[in-house]
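Chemist: Just dropping this structure here.
Throughout, read-outs are computed from the coordinates displayed, never taken from laboratory work. These numbers come from a predicted model, not from an experiment. Reconstructed Cβ throughout: ideal geometry from the backbone, glycine too, with neighbour counts over all protein chains shown.
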Amino acid sequence: MTLVRVRLANPSEIVTKTFPEHIRKFYFQHAKKSFEIINSEKIQKILDEILNSEEISREKIYDVRIMIFPPILDPHYTSGMINHDLGQISIFPIFSYSGEVIIPDCLLNFENEDLIFVITVHIFNTLVHEILHLKYDNEEIIEKKTEEYAARMCKKLGFV
Ligand SMILES: [Zn+2]
C-alpha cells in the first residue's frame with residue numbers, strides 16, 4: 001500500500017507572530033491532531049482505496065501539507081487548495097480567525113471525541129476534494145463524490 005504522505009507546513013516567523021500566543025498554541029495543537037488523524041492507518045487505507053477506485057495516480061500527488069494557520073488576509077476563506085503544476089495540496093484549519101477563534105469550551109480538549117470527529121471530517125473531506133480535482137473539474141461532481149466517500153469513511157471509523 002502506497003501512503004499519501006502528509007506533512008505539517010512550516011509557517012514563516014512573520015505569519016506565526018501575527019497570532020497571539022494562546023491562539024498559536026491552539027492552531028499548533030489542531031495541526032498536530034490533523035496530522036495524526038490523516039496519517040493513521042485506517043484513514044490511509046481509505047485514501048488508498050479511493051485512489052484505486054478513481055484510478056488517480058499517486059505520482060500526481062507530490063506534496064500534501066497541513067497549514068498550521070488559517071489565511072487571515074484572504075476574505076475568500078477556503079479549506080483547501082491545489083497547485084496542479086507542483087502537485088501540491090494545502091489544507092487549512094477548520095477554524096478561521098478574525099481576531100479570535102470562536103470555539104465552544106467543550107471542544108478545547110483535543111482528546112474530546114466531538115472535536116476529533118469534526119477535525120477528521122474536515123481534513124478528510126478537504127483532502128479528498130482536492131485529490132478529486134486531479135481527475136475532475138466539475139465542482140458538483142467533486143462535492144457529490146466527496147460526500148459519498150466521507151459517509152463511507154464515517155461508517156468505517158464507527159462515527160455513525
Ligand atoms: Zn473544488
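Chemist: On a 0 to 90° scale, report how tilted helix 139-156 is relative to the longest principal axis of the chain, with both axes built from alpha carbons and the result rounded to the nearest 10.
Modeler: 80
Chemist: Mind listing the long-range amide H neighbours of GLY80? Cut-off is under 5 Å, sequence gap 5 or more, other chains count too, H placed in the peptide plane at 1.01 Å from N.
Modeler: Placed amide hydrogens put PHE92 under 5 Å from GLY80.
Chemist: For a quick check: sort ARG152, ARG65 by the number of other beta carbons within 10 angstrom, fewest at the front.
Modeler: Ascending number of Cβ neighbours within 10 Å: ARG152, ARG65.
Chemist: In the range 1-101, what chymotrypsin sites (Phe, Trp or Tyr not before Pro) fall in a loop by DSSP, with at most 13 other Cβ atoms inside 10 Å?
Modeler: TYR62, TYR77
Chemist: Here is a further query. Which of GLU13, GLU113, GLU140 moves most in a GNM of the chain, Cα contacts under 10 Å?
Modeler: Greatest mean-square fluctuation among the candidates belongs to GLU13.
Chemist: Still on this structure, I have one more. To the nearest 500 deg cm²/dmol, what mean residue ellipticity at 222 nm is calculated for the chain from DSSP H runs of n ≥ 4 alone, each contributing -39,500 (n - 2.57), summed and divided by the residues?
Modeler: About -15500 deg cm²/dmol.
Chemist: Quick one: what are the phi-derived ³J(HN,Hα) couplings along the range 78-93, Karplus 6.51/-1.76/1.60 with θ = phi - 60°, whole Hz, x for glycine and proline?
Modeler: Working through the residues one at a time gives 10, 8, x, 8, 10, 10, 5, 5, 8, x, 10, 10, 10, 10, 8, x Hz.
Chemist: Another one. Using the Karplus equation 6.51 cos²θ - 1.76 cosθ + 1.60 (θ = phi - 60°), what ³J(HN,Hα) coupling, rounded to whole Hz, does each residue of the range 19-28 give in order, writing x for Gly and Pro?
Modeler: For the range 19-28, the Karplus curve yields 9, x, 4, 5, 6, 4, 4, 4, 5, 5 Hz.
Chemist: Moving on to the next point. Given all pairs of different Cα atoms, what value in angstroms does the Kirkwood hydrodynamic radius of the chain take? Let's see the in-between values first.
Modeler: Values: mean 1/r = 0.0612 Å⁻¹.
When all Cα pairs of the chain are included, the Kirkwood radius is 16.3 Å.
Chemist: How many lysine pairs are close in the chain, with Cα atoms under 19 Å apart and the two 8 or more places apart or on different chains?
Modeler: So the count works out to 19.
Chemist: Cut-off 17 Å, label point 7 angstrom out along Cα-to-Cβ of ARG24: give me the residues of the range 79-95 whose amide nitrogen falls inside.
Modeler: Of the residues in the range 79-95, none has backbone N under 17 Å from the label point off ARG24.
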